[in-house]
Amino acid sequence: MRLIAGLTRPTMSGGEAIRIGTQTLSAERLLATATAVADDVAGAPVVAVHATATAETVVAMVGALLGGAAVVPLPPDSGEAETAHILRDSGAELLLAGAGHRPAALRTVPIDLQRTSAGSYPAPPPEATALIMYTSGTTGAPKGAVLSHRAVEAGLDALADAWAWHPDDVLVHGLPLFHVHGLVLGVFGALRVGNRLRHTGRPSPEAYAAAGGSLYFGVPTVWSRICAQPAAAARLSGARLLVSGSAALPVPVFERMRELTGHQPVERYGMTETLITVSNRSDDPDRRPGQVGTAVAGAGTRVVDEGREVPADGESIGELWVRGPMLFDGYLGQSEVTARSLGADGWFRTGDIACVAPDGRHRIVGRRSTDMIKSGGYRIGAGEVEDALLAHPGVREAAVIGTPHDDLGEQVTAYVVGDAVSADELIGFVARTLSAHKRPREIRFVPELPRNAMGKVQKRLLSR
Ligand code: MCA
Ligand code: AMP
């Protein structure tokens, strides 16, 4: 299978190709155990994987892909409502899970790392769906972004070009395996390039410092926590490249990383729907804080304001549109919603506000909608959290916004009109209904929400 072509490279052969926490897998073992999973999966078009950060998850995903299925990563802490939505909406026929998963309403196949198979399967065609990644919009339940094998391969090849990512690299990160960053870049990237991977479990400064890699991935919260521990940061000075993404890297964190590690971090920009379309390059030492770089190989960008492309003068701002072979095919089963953001001409309207300098370097300056929150690199739709809060009998009205947070960039803050319910109760309720990272960090009880004459909540009037 082309997507994991790197697994058979000499750099992956013998010894440990993948380490996750304390678990290790050789390339040969990964292929043999994944093939046993493919035997179980054979014929199922869509398979969900309980996506803990474990070797079982990697084996399950590779096995499902080998068996020709599309993989739906299921966040392991997602609550009842979110799990039920993802499983139902994706049409997954079975769930692959290691130990410790909650019982699900569909056939569950346990992943056993002792089982192997020598079978072989035809490679899926490039247009076949590889992944259905659930991601939040501004309203409603998460939508399934359909990513083909071709898109994932093109997205990874463009990054290999931008970062001179090569088989001798040792990739280190501790990101979750149910989003693009940790899964597509952080696992399939290594399997495609054919370089060793060390997943740290939790992305703690100590674990990054001890991992001894050449290429490190992190979200800004991870980098900022590393900078708060100078001794750990200093141990990354021998790395080749430190990469930041998923949210804006604050300028002071960039500067502090340069001071403590001697590296100018490589910041790059992407979305679940588009993979990574803009990045700084490893061969360009002039990386500036606040800039996410140039369009990657095969991708094109435009900045559009009121239907017209604005000049690349480093000042004019507008919505960033992107195009390229790494884009998704659309939201599963939602052609109308897809058509609102993905034009027939292939341009995807990102919803991010950007400007481009004459030399092609991009800066992300904000988002069009205040209803999309980025907290610790997680994308959280305000509407989804509001719906979860309103399902609690003690909540009469709710409005959710992102407010500035030193560690997470933004935190989920909920304004609630409620009856005899505590903040802790509501925070726990959302964590159980959706998932822990979508829970509000703060509840502000108010007698009423500010509304306009039409009755629409005026979120601008809620204090950030
Ligand atoms: C806390 N916990 C709770 C509750 N409160 N559980 C239930 N009920 C509660 N009320 C638990 C959590 O489950 C978790 O448990 C633990 O407390 C800590 O949770 P949390 O507060 O979320 O952790 P954190 O320390 O704030 O996490 C910071 C983090 C994390 C590690 C930076 O935010 C993270 O991993 N971010 C990465 C997001 C990411 O990968 N985004 C990429 C999107 P336990 O200990 O069991 O876990 S892809 C993307 O954006 C594009 C493509 C791109 O450009 O990359
Ligand atoms: P997700 O779908 O979780 O991948 O979130 C995508 C969103 O993350 C984008 O639309 C941006 O708002 C944000 N994002 C990703 N990378 C960056 C970056 N380097 N700088 C600023 N925002 C980013």
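The values are calculated or read from the model by the stated rules, or taken from the named source; none is laboratory data. Predicted model only: the values in this text are computed from it and were never measured. Positions of Cβ are backbone-derived with ideal geometry, glycine not excepted, and every protein chain shown enters the neighbour counts. Quick note on the areas: whole protein, heavy atoms, side chains included, nothing else; ligands and nucleic acids left out. Shrake-Rupley method; radii C 1.70, N 1.55, O 1.52, S 1.80 Å.
If I filter the range 271-287 down to residues being touching a helix residue (DSSP H, G or I) at 6+ places or on another chain (Cβ under 7 Å) and open to solvent by 10 Å² or more (accessible area, probe 1.4 Å), which single residue comes out as nearest to GLY137 (Cα to Cα)? Ranking the qualifying residues of the range 271-287, first place goes to THR272.
Among the residues here, GLY98 does not qualify as within 16 Å of ligand 1 (Cβ to nearest atom) and either more than 24 Å from GLY189 (Cα to Cα) or within 18 Å of the chain's Cα centre (by Cα) (or both). On inspection, ASP329 qualifies as surrounded by fewer than 18 Cβ atoms within 10 Å (Cβ to Cβ) and under 19 Å from the mean Cα position of the chain (by Cα). Restricting attention to the range 254-277, the residues being away from ligand 2 (no atom under 12 Å from the Cβ), more than 11 Å from SER237 (Cβ to Cβ) and touching a strand residue (DSSP E or B) at 6+ places or on another chain (Cβ under 9 Å) number 1.
Here is a yes/no grid of residues against (1) at pLDDT 95 or above; (2) in a strand (DSSP E or B):
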{"position": "ALA48", "(1), (2)": "yes, yes"}
{"position": "MET61", "(1), (2)": "yes, no"}
{"position": "VAL71", "(1), (2)": "yes, yes"}
{"position": "SER78", "(1), (2)": "no, no"}
{"position": "ILE86", "(1), (2)": "yes, no"}
{"position": "ARG102", "(1), (2)": "no, no"}
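Tallying residues that are buried (at least 17 other Cβ atoms within 10 Å of the Cβ) and either more than 16 Å from GLY383 (Cα to Cα) or not charged (D, E, K, R) (or both) within the range 433-456 yields 7. Those residues that are open to solvent by less than 60 Å² (accessible area, probe 1.4 Å) and away from ligand 1 (no atom under 13 Å from the Cβ), I need them from the range 386-406; list them, please. Answer for the range 386-406, where residues must be open to solvent by less than 60 Å² (accessible area, probe 1.4 Å) and away from ligand 1 (no atom under 13 Å from the Cβ): GLU386, LEU389, HIS392, GLY394, VAL395, GLU397, ALA398, ALA399, VAL400, ILE401, GLY402, THR403. Just one of the listed residues (THR33, THR54) is in contact with a strand residue (DSSP E or B) (Cβ under 9 Å, 6 or more places away or on another chain), of a type in the set (Val, Ile, Thr) and surrounded by fewer than 24 Cβ atoms within 10 Å (Cβ to Cβ), and it is THR54. When the helices (runs of 4 or more DSSP H) confined to the range 164-252 are screened for residues that are away from ligand 2 (no atom under 16 Å from the Cβ) and under 18 Å from the mean Cα position of the chain (by Cα), those reaching at least 1 such residues are found at 189-193. Just checking, does the range 95-109 include any residue being surrounded by 21 or more Cβ atoms within 10 Å (Cβ to Cβ) and farther than 22 Å from ARG29 by Cβ? Yes, the range 95-109 contains a residue that is surrounded by 21 or more Cβ atoms within 10 Å (Cβ to Cβ) and farther than 22 Å from ARG29 by Cβ.
For the range 332-346, give me each residue that is of a type outside the set (Gly, Ala, Ser), open to solvent by 20 Å² or more (accessible area, probe 1.4 Å) and not in a strand (DSSP E or B).
As a first pass, look at the range 332-346 and keep what is of a type outside the set (Gly, Ala, Ser): 332, 334, 336-338, 340, 342, 345.
Subsequent filtering for residues that are open to solvent by 20 Å² or more (accessible area, probe 1.4 Å) retains 332, 334, 336-337, 340, 342, 345.
Within the range 332-346, LEU332, GLN334, GLU336, VAL337, ARG340, ASP345 qualify.
Scanning the range 140-153 for residues that are part of a helix (DSSP H, G or I), of a type outside the set (Lys, Arg) and out of contact with any strand residue (DSSP E or B) (no Cβ under 8 Å at 6 or more places or on another chain) turns up just one, GLU153. Scanning the range 294-308 for residues that are touching a residue at least 40 places away in the same chain (Cβ under 8 Å) and assigned to a loop (DSSP other than H, G, I, E, B) gives VAL296, ALA297, GLY298, ALA299. Considering every residue within the range 214-226, establish whether at least one is away from ligand 1 (no atom under 11 Å from the Cβ), farther than 17 Å from GLY6 by Cβ and open to solvent by 30 Å² or more (accessible area, probe 1.4 Å). Taking every residue of the range 214-226 in turn, none turns out to be away from ligand 1 (no atom under 11 Å from the Cβ), farther than 17 Å from GLY6 by Cβ and open to solvent by 30 Å² or more (accessible area, probe 1.4 Å).
Answer with yes or no whether GLU425 is more than 28 Å from GLY182 (Cβ to Cβ), surrounded by fewer than 19 Cβ atoms within 10 Å (Cβ to Cβ) and within 11 Å of ligand 1 (Cβ to nearest atom). Considered against the rule, which asks whether it is more than 28 Å from GLY182 (Cβ to Cβ), surrounded by fewer than 19 Cβ atoms within 10 Å (Cβ to Cβ) and within 11 Å of ligand 1 (Cβ to nearest atom), GLU425 comes out as yes. The set of residues in the range 66-82 that are under 19 Å from the mean Cα position of the chain (by Cα) and surrounded by 24 or more Cβ atoms within 10 Å (Cβ to Cβ) comprises ALA70, VAL71, VAL72, PRO73, LEU74, PRO75, SER78.
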